[in-house]
Each structure stands twice: as structure tokens, then as C-alpha cells.
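Enquirer: After the C-alpha cells below, expect a handful of questions from me.
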Amino acid sequence: VHLIPVNPIREDGLNPKSRKRIMPDLLTEPPAVDPVYEAHAYCNIPSIAERSMEGNAPHYFKLVSVQVLIRHGDRYPLYAIPKTKRPDIDCMLLPSRKPSHPQLEAFIKHMSKGSAAQMDGSLSSLPRYPNHSLCEMGELTQTGVVQHLRNGQLLREIYINKHKLLLRDWTAKQLYLETTGKSRTLQSALALLYTFLPDFDWKKINMRHQWSTIFCSGSCDCPMRNHYLEEEQRRQYSLRVKNNDLEKIYVDMAKIVGIPTRQLRASNPIDSLLCYFCHNASFPCTKTGCIGMKHFKVIKRHQLEDERERQEKKLYFLYALLATHPLLNQTVNRLQRIAEGKKEEVFVLYSAHDVTLSPVLSALGITEARFPRFAARLVFELWQDGKRPKEHFIRILYNGADVTFQTSFCKDYYKRSSKPMCPLEKFVNFVKRDMFLVFNSTSYYDACRRRPL
């Protein structure tokens, strides 16, 4: 047997050799893409305590702001496989049931009070925590709540206990909180905040509602963004119809459940199957047979191939630049205000979806990152240089790994500098100017309307 050395790939999907400051990880993963391994990583089942690189900086640097973009936690499927029994998952929160968290019981009690919070529009009518004995479509599960209780606890230990970003007498003005209008994103935000804040006080919680999943606020009119998204969807379709193994699996599954293949494909079976997989439940059976691991592996493998081709073809990247500019622009403007000495909105939480996080990672140039798992977190840290107080730097972390120097705007800086971070102005220039170069434009408005040559 010839042993071929392979670079270990970390749990967060990053090659440790690509970034010297990432902790060495002694656990090596399979060298080939293993759909079952990837599915486990996506489920993100709470088990061992997570190690993270958040809050790491030379002692003379001061942390002045943290902005966090999360994907909601584990949820019930959004689609059902026709003519099969729905996964039998309980969405009542029970501290005695695994996975659990030491603060789950207190969280439930606190959430049942919640009348003093300020919630935008329709958010006030959403439940503060999941509470159905059989989960509803898209509902956050107990696993999803625990994932974000753990996220909040981890960030609290670093940013509150160690770096004192917020003190006991924190005010509502120091927070900026925004979520889409889904119960799973609101509840994920509340779970994270509950274990993160020095003292969870409903009177200081002002949750804003974002109607757009890409958080484009008042800048959503962008015809070319829609054009690139349609082109990307055509690419996806083309890859799918070329995959003979995938087609055979769909035909086989359609026979098992007794529906036309086209109808099965439209029901997006991977979403449902991932729920069975993440909750260690048996895949559905009918009188004709059972959907099994062979079906799951082929569909999941195709999903991974699709992600890989998506990186290569660049259509998604062009969509991502236009889709994420409003959110990144808001982020940059806030960081600039704080660098100038403003003390408001020092902690920001956007509670969102995979379709929010994925384009942000792509636009920033973080191509090695895995597709956003349940309860994924992307963190922007702003640091002040204690020796030169006018100088500010950012660090970007994805699921605890430092990805600052994988970004397109800071790759070259890393080669020339000994600083462990990226100058804030590099990020500002990227968002205000360089994002549009590929469109031969100088502004978001122009890039949104300029047809490609």
C-alpha cells in the first residue's frame, strides 16, 4: 500500500496550510468528498465543546465592535416527500431530552414573559420559542435552539467576559438586531442573545424586521442581480439533467412512493432526507420499498458537485456581489462610524438563512468555506491598534476559523505584512469601489443596470 500524504481539511472546511494562524487540527478527514461526512458537518449536532479563534489579537489591540451574521439553527423540512409519513420530530422544548443545554430551562421561562420587547411589525406575533408536539414545516427544533444557546455562550465567554465589549449596564443603543420574518430566525436570534448578553433584559431588546432574505433593505431594485441569478439557476438545471446516477435514483425513489419522477424532484427530497439524517430517524418506507442511504448519498453527492461547479463558473459570484452589497455597505458604514469614536451599535446580530450567508461568503472571496451549516456564524471584528489609536483593523471568522486572509481584498496584504489582521480601509475600498470593477462600473446603481458585453 502506498500511503499518499493528504492535507487535512478542518471541520469548518478550511485547509490549515492556507492560513498559518489557524489551530492545527489533528483529526484528518477523508481525502475524497464523502457525502455522509459532509452531511454530518451540515447537521452540526451539538456534542463536544467547540474551539474557536474569535477574539484573538495581540495584547495591545482593543476590540471595539463585533458584527455577527448567523444562519438559523436546525429546522423541520420546508418540503415534504409526497405520500410518505412526515418525520416524527417533537418541537416542544424539554430540558431532559438530548441535545440539551444547562440554560435551556431558564431560556424557556424567560421567553414566555417577553412582552416588554420592541418588535417590528409582524415579528411581535411570532412565537418566541418552538412549541409544537409535532414540528410544523420550517419550525426550529430543540437542536436548533441548543445550537444557538451554545453559540451565544461561546461568544459571551470571548467578547463579554474577556474583552468587555458590553458591560452589565449595557444599553439598547449598543445593540443592532435584525431578523427575517420567520419564527426560526427570530427564535435563533433570541437563543443566541439569551446566553450572550451580560443580562438579558426584554426592555432593551429592539428587534428589527428585514423582509428580504438578502437584507437589501431599501436598495433591492437590481435588475442585473436577478439576471445573474437566473443564469445560475440555468447552470444548476443543466448540471442536474446531465447526471445519470441522479436521474436513476429519482426514478427509483418515485417508484417507491408511487408518484411521477418530475413531482418527486419538485418536492426537493434532499431537504426532507437531511432532516431524517440529522435526527437519526429511519428514512421513509412504503409498501413498495424504502428510501435508503444509497438514495441519500447520490443526491447529497450531486449537491456537493453543484457547489463545486458553482465556484468555478462565476455566475453565482456575480450574483453574490450584487446581492450582498447593500448588507456589506451597511456593515462598512457602521464600522467606520465606530472607528470615528461613536459608541452605538457595537454589537450587531443579523439572523438569517443559508441564502443570506452563502452569497456573502462568495462575495468576500472565501471560496474554501463549506456551504452554511445549521447555526453557522460569520463574524466581523473591529480592532483598534493601542499603539496607533487612529488605526483600525478587521478580522473575519467563519464558524470560529479565521478566514480574514482568504478574502479577495486582504490576500495580498497578508503576504506583505506581519499584522494578524486586515486594515479597515481595505474592506471599505472593496465595498465602496472594488466590488464593481468586474462589472466595469463604479457604483452599485450602475452595476445593477449595466448589461454584460
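The values are calculated or read from the model by the stated rules, or taken from the named source; none is laboratory data. Since this is a predicted model, take the numbers as computed values, not measurements. For neighbour counting, all protein chains shown are included, and Cβ atoms are generated from backbone atoms with ideal geometry for every residue, glycine included. We work out accessible area using only protein heavy atoms, side chains counted, and drop any ligands, DNA or RNA first. Shrake-Rupley method; radii C 1.70, N 1.55, O 1.52, S 1.80 Å.
Enquirer: Using beta carbons and a limit of 7 Å, which pairs, at least six apart or on different chains, have the first residue in the range 116-127 and more than 14 Å from residue 210 (Cβ to Cβ) and the second one not aliphatic (A, V, I, L, M)?
Expert: 116/202; 116/203; 117/202; 118/206; 127/183
Enquirer: Now, a different point. I need the full set of residues from the range 98-114 which are open to solvent by 50 Å² or more (accessible area, probe 1.4 Å), in contact with a helix residue (DSSP H, G or I) (Cβ under 7 Å, 6 or more places away or on another chain) and modelled with pLDDT under 95, in order please.
Expert: 113
Enquirer: Also, I was wondering about something else. Does residue 116 count as of a type in the set (Gly, Ala, Ser) and either in contact with a strand residue (DSSP E or B) (Cβ under 8 Å, 6 or more places away or on another chain) or outside any loop (DSSP other than H, G, I, E, B) (or both)?
Expert: Numbers: of a type in the set (Gly, Ala, Ser): yes; either in contact with a strand residue (DSSP E or B) (Cβ under 8 Å, 6 or more places away or on another chain) or outside any loop (DSSP other than H, G, I, E, B) (or both): no.
Spelling it out, it is not the case that residue 116 is of a type in the set (Gly, Ala, Ser) and either in contact with a strand residue (DSSP E or B) (Cβ under 8 Å, 6 or more places away or on another chain) or outside any loop (DSSP other than H, G, I, E, B) (or both).
Enquirer: Every residue in the range 376-413 that is under 23 Å from the mean Cα position of the chain (by Cα) and assigned to a loop (DSSP other than H, G, I, E, B), please.
Expert: 376, 399, 400, 403, 407, 408, 409, 410, listed by residue number.
Enquirer: Another question, if that's okay. Could you please let me know if residue 291 is of a type outside the set (D, E, K, R), open to solvent by 10 Å² or more (accessible area, probe 1.4 Å), at pLDDT 95 or above and outside the structural domain of residue 124 (by the TED database)?
Expert: Considered against the rule, which asks whether it is of a type outside the set (D, E, K, R), open to solvent by 10 Å² or more (accessible area, probe 1.4 Å), at pLDDT 95 or above and outside the structural domain of residue 124 (by the TED database), residue 291 comes out as no.
Enquirer: One residue is enough: does the range 311-328 have a residue meeting the conditions of a type outside the set (Val, Ile, Thr), over 24 Å from residue 229 (Cβ atoms) and either without any contact (Cβ under 8 Å) to a residue 24 or more places away in the chain or in contact with a Ser or Thr (Cβ under 7 Å, 6 or more places away or on another chain) (or both)? Let's see the steps before the verdict.
Expert: First, the residues of the range 311-328 that are of a type outside the set (Val, Ile, Thr): 311-323, 325-328.
Narrowing further to those that are over 24 Å from residue 229 (Cβ atoms): none.
Scanning the range 311-328, I find no residue that is of a type outside the set (Val, Ile, Thr), over 24 Å from residue 229 (Cβ atoms) and either without any contact (Cβ under 8 Å) to a residue 24 or more places away in the chain or in contact with a Ser or Thr (Cβ under 7 Å, 6 or more places away or on another chain) (or both), so the answer is no.
Enquirer: Additional query: Please state which one of 305, 344 is under 30 Å from residue 247 (Cα atoms) and open to solvent by 40 Å² or more (accessible area, probe 1.4 Å). Write out each step before concluding.
Expert: Working: 344 fails: under 30 Å from residue 247 (Cα atoms).
305 is the lone residue from the list that is under 30 Å from residue 247 (Cα atoms) and open to solvent by 40 Å² or more (accessible area, probe 1.4 Å).
Enquirer: Can you tell me which of 165, 177, 190 is surrounded by 18 or more Cβ atoms within 10 Å (Cβ to Cβ), closer than 25 Å to residue 95 by Cβ and modelled with pLDDT of 95 or more?
Expert: Within the list 165, 177, 190, the selection yields 190.
Enquirer: Within the range 193-209, track down each residue that is open to solvent by less than 50 Å² (accessible area, probe 1.4 Å) and farther than 12 Å from residue 179 by Cα.
Expert: Result: 193, 194, 195, 196, 197, 198, 200, 201, 202, 204, 205.
Enquirer: When only residues in the range 129-187 that are assigned to a strand (DSSP E or B) and either in contact with a helix residue (DSSP H, G or I) (Cβ under 6 Å, 6 or more places away or on another chain) or small (Gly, Ala, Ser) (or both) count, which is farthest from residue 87 (Cα to Cα)?
Expert: 179
Enquirer: Then there is this: Which of the residues spanning the range 246-269 are within 24 Å of residue 42 (Cβ to Cβ), modelled with pLDDT under 95 and either assigned by the TED database to the domain that holds residue 143 or touching a helix residue (DSSP H, G or I) at 6+ places or on another chain (Cβ under 6 Å) (or both)?
Expert: Listed by number, the residues that qualify are 264, 265.
Enquirer: Identify, from the list 401, 375, 363, 352, the residue that is touching a Gly at 6+ places or on another chain (Cβ under 6 Å) and crowded, with 20+ Cβ neighbours inside 10 Å.
Expert: Values: 401 fails: touching a Gly at 6+ places or on another chain (Cβ under 6 Å); 363 fails: touching a Gly at 6+ places or on another chain (Cβ under 6 Å); 352 fails: touching a Gly at 6+ places or on another chain (Cβ under 6 Å).
Residue meeting the stated conditions: 375.
Enquirer: Follow-up question, since we're still on this one. Give the residue, chosen from 89, 45, that is open to solvent by 30 Å² or more (accessible area, probe 1.4 Å) and among the hydrophobic types (A, V, I, L, M, F, W, C).
Expert: Sole residue among the options that is open to solvent by 30 Å² or more (accessible area, probe 1.4 Å) and among the hydrophobic types (A, V, I, L, M, F, W, C): 45.
Enquirer: Inside the range 210-235, can you point out the residues that are assigned to a helix (DSSP H, G or I) and loosely packed, with under 14 Cβ neighbours inside 10 Å?
Expert: 223, 230, 233, 234, listed by residue number.
Enquirer: Out of (1) among the aromatic types (Phe, Trp, Tyr); (2) out of contact with any Asp or Glu (no Cβ under 7 Å at 6 or more places or on another chain); (3) at pLDDT below 95, what's the single condition that is false for residue 380?
Expert: Residue 380 satisfies all of (1) among the aromatic types (Phe, Trp, Tyr); (2) out of contact with any Asp or Glu (no Cβ under 7 Å at 6 or more places or on another chain); (3) at pLDDT below 95 except (3).
Enquirer: Please specify each residue of the range 424-442 satisfying the condition of being of a type in the set (S, T, N, Q) and loosely packed, with under 14 Cβ neighbours inside 10 Å.
Expert: 440, 442
Enquirer: Restricting to the range 414-423, and then to whatever is of a type in the set (Ser, Thr, Tyr) and either part of a helix (DSSP H, G or I) or loosely packed, with under 13 Cβ neighbours inside 10 Å (or both), can you tell me which residue is nearest to the chain's Cα centre (by Cα)?
Expert: Once the filter is applied, the top-ranked residue is 414.
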